[in-house]
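The values are calculated or read from the model by the stated rules, or taken from the named source; none is laboratory data. Only a predicted model underlies this, so the values are computations on that prediction, with no experimental measurement involved. Positions of Cβ are backbone-derived with ideal geometry, glycine not excepted, and every protein chain shown enters the neighbour counts.
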Amino acid sequence: MEDTVKFKIENLNVYWSGSHVLKSISMDIGANKILGIIGPSGSGKTVFLRTLNRLNDMELQIRIEGGVLLDGKDIFAPGMDPVMLRKKIGMVFALPIPLPASIYNNIIYGPSLSGITNKNRLDEIVVKSLKSAFLWDEVKDRLKTSAMRLSGGQQQRLCLARTLAMEPEVILLDEPCSGLDPISTTQIEYALKELKKNYTIVLVTNNTKQAARVADNTAFFLMNELIEYGPTGTIFTVPGDIRTMDYITGRFG
Amino acid sequence: MKIFGENSIKNLLIVIAFSALTALFLILAFILLEGLPFIFNIGIKNFLLSSDWQPMAGKYGIFAMIVGSLWVTLGAIIVGVPLGLAGAIFLAEFLPRWMMRIIKPAIELLAGIPSVVYGFIGVMVLAPLIRDYIGGPGLSIMAASIILGIMILPTILSISIDSIKAVPQSYREGAFSLGATHWQTIHMATLPAAKSGIIAGIILGLGRAIGETMAVIMVAGNAVILPGSPLDSVRTLTANIALEMGYATGMHRQALFATGVVLLLIIMVLNYAATISIRNMNRKV
Amino acid sequence: MINPRFTQVIAVLLLALATLFTLAILVFIIGFILSKGLAHVDIDFILSNPEDMGRAGGIYPTIIGTLILSTLSILIAAPFGIGTAVFLTEYTRESRVTRIIRFGADCLAGIPSIIFGLFGFIFFVTTLGMSWSILSGSLTLAFMILPTIIRTSEEAIKSVPYAYRDVSFSLGATLWQTVRKVVLPNALPGILTGIMLSLGRSIGETAVVIFTAGSSLRTPQSLFDSIRTMSVHFYILAREGLSNEKAYATATVLIISILAINLISYWLMIRFISKRSG
Amino acid sequence: MKLKIVIKVIIFAIIAGFSLQACGKNKLSITVAGSTAFQPFAEKLAGLYMAEKPNTHITIQGGGSAVGIQSVLSGAANIGMADLVQLPPEAKDLNSYIVARDGIVMIVNPKNSVKNLEVSQIRDIYNGKIKNWKELGGNDHKINVVSREAGSGTRSSYEAIIQNITLVKEAIIQDSNGTVRETVANDANAIGYISHGIINDKIKALTINGVSCTTEEIVNKKYMLVRPIFLLTKGAPQDRVKAFIDYVLSKNGQDIIKANGLIPAI
């Protein structure tokens, strides 16, 4: 937190068809760090994540109050284009969702939307992002086959590569390993640790141990509130709140 | 530039989205403009309640045709509903999935056969059979009812199948666990639960029957009389329009548009009934 | 008391009988037409011009007429139908406006074809002065098939997994880019099924076509020419008692085309379902 | 995606094809509309005429006599075809040419033993006063009356010649000559009337007042159920329209009409 602040969240409140799904969240997210967000399901983690890249804008009956500043600029300011914002903030979802197209076309989806048409440039992007997601060696010979034919772990790394292809500044991950086996999980976690050199990463996870393994800072959400936020070491050894303690030791959740 | 593109696409889509409404409005406006003044001119009573149709003599009463349309539609229901319902129950409840996958599209093919082909078969096969074995001129309410009944079968079948399939499995399991046979389950649990869907299907079929033109012209005989038996020939509202449109000018043409107005009204009432019963279904499930 | 098992056996027998009867009707209709017509259909019949009002010769102009009229009506109706469906599902929320639009489409779907015929005649043929022409006919047919295309496209679009949209947005796509690159391609088989259905309806329609596109038995030279479709030709052949042989042969070609269209749309649907589940 | 390209190509081809043809079409075009009874003959004549004069394009439309009159009045067609004994008042100002005549034949099923009807008997049958074939010397069966739809040229002419017909309500209405013929051919107790041109051996033509409907009897004016066929134009016909009407009235044209079953005008 002593480093540069990437995201500054000030008193964020989100209401969704009448219910208050995020209550007065304030926190700073440091650049080039992994922020782990833990908490039981339904505690508001995913909504929080989707607020950061304004993916919730599409939802019906949502109301957002308070400020989210990216590099000091309010992302909800009238002049801010959510499309440009999302180009800066990539996202990987809980289940691997390859688009029903080839591996190659999945990767270039984002770049080509930004207007990159040069074949060589696109090839470069594909190679680079697949390598960064540690998938290149497994798929380099079959880039034109359907992404649907990859295994679950490969699909999720493809989704990560697809996000990286846009060259974002921030990567949001929404329980990216929830459907994966331990080996795939390890591969993803390894990739994340390498990636934080260049990116700011926000990782929502159901698996507290995963946060302990990879996150620099950890935030604990419960019942739509941010209970505690601090360096991972502190949160997992000397939590300041009894509820955090109960959660990470497995009393509930 | 890009933002402008997105917005203009949205505006274009809004305009496009109103195309169906515009079409509906245009159709209603033109039919009503052409037909309504006529109805008020000659009087609603003279138009709707007289069965004296002699356009050349200035007599425009369509009562016989309203009755004709209703008779033929009722007949189609009598023929089509039991067959359609029985078929739907059998297909949905007793046939394995893979057989249903073959038979259902085959039956839906019935819906794709042009109505003139049905009419032709009615003239060539059905009408002579009726004339020779039952009596009358052959071209009759009965012939039209059978042909229309067959034509609405696919509608009734596919909607009934869908609504039977939509009944939650738990309803059936409830009945089975009480020791009911498969048939008892169907008529005590499944059918009552699927009722409003089936009724909606029947009403849609009814709409199709009352709106059918070519097949009816070919097999109904088109006499302008109040029918006394199913073997009498009748003229329906749709047949009246299609038969005389080619020749009609002036008042006569307006009278045919006015016939169209009455037809539209009947269809609207039916559609309303269908919407209500579909809404009931949604509320229940 | 009657034994419930016995009742069940009787009931199932009756149900099976009814189903068999329905299938028998289908087989009979198709068999009847094909058995009488197939012998008179050959390449010559398909590719040569009719002579003597269709008493002799082939049905080439009516095949061309059918193709042009139904294709054109689809080309007119599809952008509007798909556009409406996209608007309803992607660009707006459930509201009074969407309910009114859906209500309008439902009403339109319920209107009998003869009313479309009357309307097309008074509006396109007379008021707009387009006479009996391909244009009048295909515009009227487009009005008629619009609701079918709206409904089936809507269903197809709704069945595209919502997650695809999330992915697309998160990769920086705009709404339209998402619709164009992700939603529509994945809904395409479903949309095509609807289009095939509408195509079948245009091909089989008679009353509307006579009222709006006329019945001229010549190969059209422009969109303002009148044409005769196969259905209309069949109707006239059968009704005027010109030639039963030619009538059966025309009906055979007609039924085979409809059959082909049904098979194609069925195949599309199967592919669609298997793609979604696999 | 390939499909999209294919569709685009097809659309382009259709539009291009049509616009090219439309551009190349500086032909003289004539539109003829009206009577369905004369339509087949008009098609035939037009076909032969176009073979002789390739730069003329003739479109023949059906629709019925009333449509013929309406479309000439409105200018939608250059020539109207009408097959009425009495032209309606709105056609008063049109130029009319009788190009052919057509006999109307009373027909019954071949099984029927009745061979001749008097005009008064025909009138009574269609008025519903005579209801059984027995009254006419036939079998004891109800008469199934078959007529045409209101507005039909054949029916108007028929009723104008027989006079004082208020059609019996039970009458079966068919919308074309062909279906009247089919109905009578299939029904042993039916009676109908059709154009002379389409008689075949599935039905039996009756004599009227002892006169049978043949070309000679019509030309001799002995057979009474005859209606004229008019070509109508708005104002005096000009140029190409006149040329075509002249062709129809020429010996050549009249021979074609005769060869196809109508009675020539002259």
Selected residue (criterion: farthest from the other protein chains (Cβ to nearest Cβ)) from residues of the range B:101-130 that are small (Gly, Ala, Ser) and closer than 14 Å to residue C:32 by Cβ: B:122
Residue ID - nearest to the other protein chains (Cβ to nearest Cβ), chosen from residues in the range D:140-178 that are touching a strand residue (DSSP E or B) at 6+ places or on another chain (Cβ under 9 Å), among the polar types (S, T, N, Q) and outside any strand (DSSP E or B): D:176
Filter result (part of a helix (DSSP H, G or I), within 16 Å of the chain's Cα centre (by Cα) and hydrophobic (A, V, I, L, M, F, W, C)) within the range A:85-117: A:85
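Taking the stated definitions as given, is residue C:64 modelled with pLDDT of 90 or more, closer than 20 Å to residue C:236 by Cα and either within 13 Å of chain B (Cβ to nearest Cβ) or surrounded by fewer than 20 Cβ atoms within 10 Å (Cβ to Cβ) (or both)? Quick ask: steps written out before the conclusion?
On the way: modelled with pLDDT of 90 or more: yes; closer than 20 Å to residue C:236 by Cα: yes; either within 13 Å of chain B (Cβ to nearest Cβ) or surrounded by fewer than 20 Cβ atoms within 10 Å (Cβ to Cβ) (or both): yes.
It is true that residue C:64 is modelled with pLDDT of 90 or more, closer than 20 Å to residue C:236 by Cα and either within 13 Å of chain B (Cβ to nearest Cβ) or surrounded by fewer than 20 Cβ atoms within 10 Å (Cβ to Cβ) (or both).
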Those residues of the range C:154-185 which are within 9 Å of another protein chain (Cβ to nearest Cβ) and closer than 26 Å to residue C:106 by Cβ amount to C:179
Residue D:184 fails exactly one of the following numbered conditions: (1) of a type in the set (Val, Ile, Thr); (2) touching a residue at least 60 places away in the same chain (Cβ under 8 Å); (3) outside any helix (DSSP H, G or I); (4) over 18 Å from residue D:102 (Cα atoms). What is the number of that condition? (3)
Name the single residue that is nearest to the other protein chains (Cβ to nearest Cβ) among those in the range C:1-54 being in contact with a His (Cβ under 9 Å, 6 or more places away or on another chain) and among the hydrophobic types (A, V, I, L, M, F, W, C). C:11
Restricting attention to the range D:65-105, report how many residues are crowded, with 18+ Cβ neighbours inside 10 Å, within 11 Å of chain B (Cβ to nearest Cβ) and either farther than 27 Å from residue D:250 by Cβ or free of Cβ contacts under 8 Å to residues at least 24 places away in the same chain (or both). 2
From the set of residues in the range B:240-283 that are part of a loop (DSSP other than H, G, I, E, B) and at pLDDT below 80, which is nearest to the chain's Cα centre (by Cα)? B:246
May I ask you to verify whether residue C:236 is crowded, with 24+ Cβ neighbours inside 10 Å, of a type in the set (A, V, I, L, M, F, W, C) and touching a residue at least 24 places away in the same chain (Cβ under 8 Å)? yes
Out of the residues in the range D:89-134 that are in a loop (DSSP other than H, G, I, E, B) and of a type in the set (A, V, I, L, M, F, W, C), state the one that is nearest to residue D:237 (Cα to Cα). D:94
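One line per residue, one yes/no per condition, for (1) closer than 18 Å to residue A:211 by Cα; (2) not small (Gly, Ala, Ser):
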| position | (1), (2) |
| --- | --- |
| A:10 | no, yes |
| A:15 | no, yes |
| A:19 | no, no |
| A:28 | yes, yes |
| A:34 | yes, yes |
Hits in the range A:33-84 - residues which are within 23 Å of residue A:226 (Cα to Cα), among the hydrophobic types (A, V, I, L, M, F, W, C) and part of a helix (DSSP H, G or I): A:47, A:48, A:49, A:52, A:55
Find all pairs meeting these conditions: Cβ atoms under 9 angstrom apart; at least six residues apart or on different chains; first residue within the range B:163-188 and facing another protein chain (nearest Cβ under 10 Å); second residue among the polar types (S, T, N, Q) and assigned to a helix (DSSP H, G or I). B:181/C:7; B:181/C:8; B:182/C:8; B:183/C:7; B:183/C:8; B:184/C:7; B:184/C:8
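A quick yes/no check of all residues on (1) surrounded by fewer than 19 Cβ atoms within 10 Å (Cβ to Cβ); (2) at the interface with chain B (Cβ under 7 Å from one of its Cβ atoms); (3) modelled with pLDDT under 95:
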residue	(1), (2), (3)
C:88	no, yes, yes
C:96	yes, no, yes
C:104	no, yes, yes
C:130	no, no, yes
C:133	no, no, yes
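Quick one: in the range A:122-163, of everything that is part of a helix (DSSP H, G or I) and among the hydroxyl-bearing types (Ser, Thr, Tyr), which residue is nearest to residue A:104 (Cα to Cα)?
In the first step, residues of the range A:122-163 are kept if they are part of a helix (DSSP H, G or I); the result is A:122-132, A:136-139, A:147-149, A:152-163.
This time we only want the ones that are among the hydroxyl-bearing types (Ser, Thr, Tyr), so: A:129, A:132, A:163.
Numbers: A:129: 11, A:132: 15, A:163: 13 Å.
Across the range A:122-163, the extreme among qualifying residues is A:129.
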Long-range neighbours under 7 Å by Cβ, at least six apart or interchain, first residue of a type in the set (Ser, Thr, Tyr) within the range A:8-33, second surrounded by fewer than 17 Cβ atoms within 10 Å (Cβ to Cβ) and not in a strand (DSSP E or B): A:17/A:61
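For residue D:191, indicate whether it is crowded, with 19+ Cβ neighbours inside 10 Å, within 20 Å of the chain's Cα centre (by Cα) and part of a helix (DSSP H, G or I).
Values: crowded, with 19+ Cβ neighbours inside 10 Å: yes; within 20 Å of the chain's Cα centre (by Cα): yes; part of a helix (DSSP H, G or I): no.
Considered against the rule, which asks whether it is crowded, with 19+ Cβ neighbours inside 10 Å, within 20 Å of the chain's Cα centre (by Cα) and part of a helix (DSSP H, G or I), residue D:191 comes out as no.
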Yes or no: residue A:17 surrounded by fewer than 20 Cβ atoms within 10 Å (Cβ to Cβ), under 25 Å from residue C:175 (Cα atoms) and among the small types (Gly, Ala, Ser)? yes
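If you check D:28, D:20, D:45, D:73, which single one turns out to be among the hydrophobic types (A, V, I, L, M, F, W, C), more than 16 Å from residue C:220 (Cβ to Cβ) and at pLDDT below 75? Working first, answer last.
Numbers: D:20 fails: more than 16 Å from residue C:220 (Cβ to Cβ); D:45 fails: at pLDDT below 75; D:73 fails: at pLDDT below 75.
After applying the criteria, what remains is D:28.
Conditions (1) surrounded by fewer than 23 Cβ atoms within 10 Å (Cβ to Cβ); (2) more than 14 Å from every other protein chain (Cβ to nearest Cβ); (3) farther than 29 Å from residue A:241 by Cβ; (4) of a type outside the set (S, T, N, Q), marked per residue:
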| position | (1), (2), (3), (4) |
| --- | --- |
| A:62 | yes, no, no, yes |
| A:79 | yes, no, yes, yes |
| A:82 | yes, no, yes, yes |
| A:86 | no, no, yes, yes |
Go through (1) in contact with a helix residue (DSSP H, G or I) (Cβ under 9 Å, 6 or more places away or on another chain); (2) buried (at least 17 other Cβ atoms within 10 Å of the Cβ) and name the single condition residue A:40 misses. (2)
First in the range C:31-53 and closer than 20 Å to residue C:64 by Cα, second anywhere and small (Gly, Ala, Ser) and assigned to a loop (DSSP other than H, G, I, E, B), Cβ under 8 Å, 6 or more apart: C:44/C:58; C:45/C:58; C:46/C:58; C:47/C:58; C:48/C:58; C:49/C:58; C:50/C:58
Pick from C:228, C:218: which is modelled with pLDDT of 90 or more, part of a loop (DSSP other than H, G, I, E, B) and within 14 Å of chain D (Cβ to nearest Cβ)? C:228
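Of all residues in the range D:222-234, which are in contact with a strand residue (DSSP E or B) (Cβ under 7 Å, 6 or more places away or on another chain) and either in contact (Cβ under 8 Å) with a residue 40 or more places away in the chain or acidic (Asp, Glu) (or both)?
Step one: filter the range D:222-234 for residues in contact with a strand residue (DSSP E or B) (Cβ under 7 Å, 6 or more places away or on another chain), giving D:222-233.
D:223, D:224, D:225, D:226, D:227, D:228, D:229, D:230, D:231, D:232, D:233 - these are the residues of the range D:222-234 that are in contact with a strand residue (DSSP E or B) (Cβ under 7 Å, 6 or more places away or on another chain) and either in contact (Cβ under 8 Å) with a residue 40 or more places away in the chain or acidic (Asp, Glu) (or both).
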Helices (runs of 4 or more DSSP H) fully within the range B:96-186 counting 2 or more residues that are not assigned by TED's automatic domain parsing to the domain that holds residue B:236: none
